[in-house]
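This report concerns only the one structure given below.
The values are calculated or read from the model by the stated rules, or taken from the named source; none is laboratory data. Since we're looking at a predicted model, the values are computed, not measured. Note that we place each Cβ from the backbone using ideal geometry, even for glycine, and neighbour counts take in every protein chain shown. Only protein heavy atoms, including side chains, enter the accessible area calculation; ligands, DNA and RNA are left aside. Shrake-Rupley method; radii C 1.70, N 1.55, O 1.52, S 1.80 Å.
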Amino acid sequence: MIRKRQSRAFRALTVIFLLIFQLSCAQKTPSDLSKESIIPKPVTVTPTGEYFNLKPGTVIYVQGETEGVLEIGQYLAGSLKPSTGFKLEVRATAKEPKRGAISLALSGSGQDSGDESYDLIVTRKLVKLSAKTPAGLFRGVQTIRQILPAGIEMPSKQEGPWKIATGTINDYPDYSYRGAMLDVSRHFFGVDDVKHFTDFLAYYKMNVLHLHLSDDQGWRIEIKSWPNLATHGGSTQVGGGKGGFYTQEQYTDIVQYAKDRYITVVPEIDMPGHTNAALASYAELNCDGKATELYTGTDVGFSTLCTKSEVTYRFIDDVMRELASLTPGPYIHIGGDESHATKKEDYIPFINRVQEIVAAHGKQVIGWDEIALSSLKPNAIAQCWANEKNANTAVSQGAKILMSPARKAYLDMQYDKSTKLGLHWAGYIEVETGYNWDPATFIPGIGKGNIVGIEAPLWTETITNIDEIEYMVFPRLPGYAEIGWSSSASRNWEEYKTRLGKHGERFSVLGIDYYQSKQVPWGEVK
Ligand code: NGO
């Protein structure tokens with residue numbers, strides 16, 4: 001896991017906390033798997049009352065053949081190494097060991113690669129993880145991390161012991177799409193920050209990273225056929241800082257990093273509104289043929305591509321071609337929100353035509369809920385953030401809904417009136433408000449069958465660095481991950497808040513600057 005520099009005071013606090021933590025840890029022998037705080041909550045957990053002891057000689061056994069499985073074994077060994085100091089051997093062999101091993105095995109073959117279910121059996125002798133796909137194994141590995149003591153996430157060697165309670169876990173997600181969005185346009189975040197953010201998603205079994213790559217304030221992805229987009233359009237940000245952009249090579253590195261964690265990157269180019277950075281980079285994208293000035297404020301709804309000009313569609317075709325070639329995942333997000341500067345009679349044919357362009361490059365469209373005003377392709381996804389009527393219009397056209405209601409799921413909303421960062425136009429979102437809702441009953445007329453999943457967007461008008469990202473994301477993100485993974489029947493705020501409280505230790509150990517909500521009992525962290 002990529003780590004950021006911690007402030008001196010924060011580090012000192014962490015050390016004090018760890019001393020207390022180690023003392024309590026040394027006395028604790030886990031023996032009841034059902035008492036472990038796993039987020040998202042697994043489907044079934046059956047404890048058997050003993051423990052497995054991870055030792056320097058424990059072997060990580062992987063079934064040799066299938067692509068990805070060896071890498072998952074290495075990922076597990078890598079994540080256990082800093083704190084344990086163990087150089088666990090990762091062995092690919094056909095013969096499963098009988099004891100002293102963590103075994104990662106694929107069961108069955110030719111299954112749907114999107115299947116993320118896994119089974120975990122922990123006995124005194126073995127930790128046995130099996131899944132139908134590598135993605136399932138990767139999710140199960142996160143469970144193994146979470147049932148080890150929190151100190152397992154420390155960046156430096158700790159005493160241990162490293163015991164895991166025995167029992168069985170059977171687990172699978174409720175929704176197939178569980179994501180978070182990072183707005184890298186309002187403020188730019190470099191590759192390491194994005195990887196750091198991606199690790200958060202991985203730890204909580206999320207599988208989509210949506211990157212909001214363009215907006216009025218910045219264009220953040222190199223497009224070789226329209227180079228000024230990045231070099232000029234990416235040269236600033238909110239408040240007038242220097243901004244930045246990802247070269248295609250850097251972007252590919254992000255996509256691969258996410259892919260290694262079984263996370264799909266969804267790139268967004270927002271249009272026809274939210275396009276000032278592009279309009280400032282190329283005069284011909286403006287109806288009056290004049291390039292606009294770069295913009296560093298936070299207003300919305302004032303920019304539009306020239307929807308009647310053929311150059312605009314050549315531009316979009318070029319951008320989509322390059323973006324599609326950098327995108328192994330099935331989706332491209334076309335924005336479509338708040339196009340107040342575009343007439344409705346221009347907006348509808350524009351979105352229809354952009355859908356065709358995206359399809360011609362072999363990708364499926366996602367757009368903010370306003371795209372429902374156009375004629376949606378049957379495989380389009382409308383991301384519901386504000387307008388429930390749009391969501392119903394999308395469903396009536398056969399499209400699916402991605403749930404991101406701003407008043408529940410926006411990570412940029414303030415926790416309460418005293419929160420210094422963030423906005424509150426959609427309300428305040430304390431931890432309970434963010435957790436305690438059900439996507440399948442939230443909008444009248446839209447049920448589970450209409451919904452692909454949930455996504456929590458972090459808009460960054462007020463967010464400037466990774467510490468601030470962490471403060472807004474934690475502790476809400478685990479809740480969104482749980483809404484996406486665990487069935488609504490199994491979720492309960494009173495029970496969840498205790499489990500979340502125990503993750504406070506893990507946040508501290510991971511160096512995460514989180515909001516210590518008074519709604520959550522934070523265990524040892526005072
Ligand atoms: C809105 C708007 C964004 C803002 C965000 C701030 C959508 C889909 N468009 O959400 O441009 O950044 O609110 O909360």
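Of (1) assigned to a loop (DSSP other than H, G, I, E, B); (2) away from the ligand (no atom under 14 Å from the Cβ); (3) open to solvent by less than 10 Å² (accessible area, probe 1.4 Å), Gly453 satisfies all except one. Which?
Unmet condition: (1).
Here are Ala283, Ala291: which of them is free of Cβ contacts under 8 Å to residues at least 24 places away in the same chain, in contact with a Gly (Cβ under 9 Å, 6 or more places away or on another chain), more than 22 Å from Gly367 (Cα to Cα) and among the aliphatic types (A, V, I, L, M)?
Ala283
Suppose we filter Lys128, Lys87, Lys81 for residues that are modelled with pLDDT of 90 or more and part of a strand (DSSP E or B); which single one remains?
Unique residue meeting the criteria: Lys128.
Give the number of residues within region 180-211 that are open to solvent by 10 Å² or more (accessible area, probe 1.4 Å), of a type in the set (A, V, I, L, M, F, W, C) and in contact with a helix residue (DSSP H, G or I) (Cβ under 6 Å, 6 or more places away or on another chain).
Number of matching residues: 1.
Restricting the first residue to region 331-346 and requiring it to be more than 15 Å from Cys287 (Cβ to Cβ) and away from the ligand (no atom under 14 Å from the Cβ), which pairs with a second residue that is open to solvent by 20 Å² or more (accessible area, probe 1.4 Å) and in a strand (DSSP E or B) meet a Cβ separation below 9 Å and a spacing of at least six or different chains?
Tyr331/Thr264; Tyr331/Gln364; Ile332/Gln364
Every residue in region 427-443 that is assigned to a helix (DSSP H, G or I) and among the acidic types (Asp, Glu), please.
If the condition is that a residue be assigned to a helix (DSSP H, G or I) and among the acidic types (Asp, Glu), then Glu432 is the only one that fits.
Taking Ala92 as the residue in question, decide whether it is open to solvent by 50 Å² or more (accessible area, probe 1.4 Å) and within 19 Å of Asp260 (Cα to Cα).
yes
Which of the following residues is in contact with a Lys or Arg (Cβ under 8 Å, 6 or more places away or on another chain), of a type in the set (Val, Ile, Thr) and away from the ligand (no atom under 16 Å from the Cβ): Ile254, Ile223, Ile263?
Ile254
Glu432 versus (1) out of contact with any Leu (no Cβ under 8 Å at 6 or more places or on another chain); (2) within 12 Å of the ligand (Cβ to nearest atom): which is the lone unmet condition?
(2)
Could you tell me whether any residue of region 164-175 is within 16 Å of the ligand (Cβ to nearest atom), among the hydrophobic types (A, V, I, L, M, F, W, C) and more than 17 Å from Ile469 (Cα to Cα)?
No: zero hits.
In region 494-524, which residues are open to solvent by 20 Å² or more (accessible area, probe 1.4 Å) and of a type in the set (Val, Ile, Thr)?
Thr498
Is it true that Thr460 is within 16 Å of the ligand (Cβ to nearest atom), polar (S, T, N, Q), open to solvent by less than 10 Å² (accessible area, probe 1.4 Å) and not in a helix (DSSP H, G or I)?
So Thr460 passes the test.
Give region 277-331 a look and list any residue that's aromatic (Phe, Trp, Tyr) and assigned to a loop (DSSP other than H, G, I, E, B), or say none.
Scanning region 277-331 gives Tyr282, Tyr295, Phe302.
Just one of (1) touching a residue at least 40 places away in the same chain (Cβ under 8 Å); (2) surrounded by 21 or more Cβ atoms within 10 Å (Cβ to Cβ) trips up Thr252, so point out which.
(2)
Go through the residues of region 484-493 one by one and say whether even a single one is away from the ligand (no atom under 16 Å from the Cβ), crowded, with 24+ Cβ neighbours inside 10 Å and hydrophobic (A, V, I, L, M, F, W, C).
yes
Working only within region 142-161, note down all residues that are among the hydrophobic types (A, V, I, L, M, F, W, C) and open to solvent by 10 Å² or more (accessible area, probe 1.4 Å).
Selection gives Met154 alone.
Just one of (1) within 26 Å of the chain's Cα centre (by Cα); (2) at pLDDT 95 or above trips up Pro378, so point out which.
Going through (1) within 26 Å of the chain's Cα centre (by Cα); (2) at pLDDT 95 or above one by one, Pro378 breaks only (2).
Considering (1) open to solvent by less than 10 Å² (accessible area, probe 1.4 Å); (2) in contact with a strand residue (DSSP E or B) (Cβ under 7 Å, 6 or more places away or on another chain); (3) not hydroxyl-bearing (Ser, Thr, Tyr), say which one Gly434 fails and leave the rest.
It fails just one condition, (2).
Residues checked against (1) modelled with pLDDT of 50 or more; (2) of a type outside the set (D, E, K, R):
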residue: Ala12; (1), (2): no, yes
residue: Val15; (1), (2): no, yes
residue: Gln27; (1), (2): no, yes
residue: Asp32; (1), (2): yes, no
residue: Ile39; (1), (2): yes, yes
residue: Tyr51; (1), (2): yes, yes
residue: Leu54; (1), (2): yes, yes
residue: Ile60; (1), (2): yes, yes
